[in-house]
Amino acid sequence: MTDTLPPCPECSSTYVYQVDALLNCPECGHEWAGDEQNDTASDVRDSVGNILVDGDTVTVIKDLKVKGSSLVVKVGTKVRNIRLVDGDHDIDCKIPGIGKMGLKSQFVKKASS
């Protein structure tokens, strides 16, 4: 079964399994839609697989420590008007009470309109 599924795009693990329409990696915990992996490799997706675009509003799903300070971005913080960038942190944004910073899309969820 694992020889028909693609390797994990995050960690290249071959121990991938399928649950409904999503593929899952047991080693790094990454989830993705297997049929769209090659076609939308440049798409930025949130923690539940929604495609993010510039200007979206997202919600932080986990307390995040701000590197180099004692500040913490609390779970549930809404971040408006995000900007997608290439790199390790794929979201540039301004967080209320903290300022400009980069976020990883795996720690946010697209806010409902």
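The values are calculated or read from the model by the stated rules, or taken from the named source; none is laboratory data. Please read these numbers as outputs of a predicted model, since none were measured by experiment. No Cβ is skipped: glycine too gets one built from the backbone with ideal geometry, and neighbour counts run over all protein chains shown. Accessible surface areas use protein heavy atoms only, side chains included; no ligands, DNA or RNA. Shrake-Rupley method; radii C 1.70, N 1.55, O 1.52, S 1.80 Å.
Answer with yes or no whether Gly55 is of a type in the set (Gly, Ala, Ser), touching a residue at least 24 places away in the same chain (Cβ under 8 Å) and in contact with a strand residue (DSSP E or B) (Cβ under 9 Å, 6 or more places away or on another chain).
Against the criterion (of a type in the set (Gly, Ala, Ser), touching a residue at least 24 places away in the same chain (Cβ under 8 Å) and in contact with a strand residue (DSSP E or B) (Cβ under 9 Å, 6 or more places away or on another chain)), Gly55 qualifies.
When you scan the range 33-47, do you find a residue that is open to solvent by less than 100 Å² (accessible area, probe 1.4 Å), at pLDDT below 85, charged (D, E, K, R) and part of a loop (DSSP other than H, G, I, E, B), even just one?
yes
Return yes or no: is Val60 surrounded by 12 or more Cβ atoms within 10 Å (Cβ to Cβ), of a type outside the set (D, E, K, R) and free of Cβ contacts under 8 Å to residues at least 40 places away in the same chain?
Considered against the rule, which asks whether it is surrounded by 12 or more Cβ atoms within 10 Å (Cβ to Cβ), of a type outside the set (D, E, K, R) and free of Cβ contacts under 8 Å to residues at least 40 places away in the same chain, Val60 comes out as no.
List every residue pair whose Cβ atoms lie under 7 Å apart, where the two residues are 6 or more positions apart in sequence or sit on different chains, the first residue falls within the range 1-19 and is farther than 22 Å from Ser105 by Cα and hydrophobic (A, V, I, L, M, F, W, C), and the second residue, located anywhere, is open to solvent by less than 60 Å² (accessible area, probe 1.4 Å) and at pLDDT below 80.
Correct list of pairs: Leu5/Gly34.
So, of the residues in the range 64-113 that are of a type in the set (Val, Ile, Thr) and part of a loop (DSSP other than H, G, I, E, B), which turns out to be surrounded by the most Cβ atoms within 10 Å (Cβ to Cβ)?
Top of the filtered list is Ile82.
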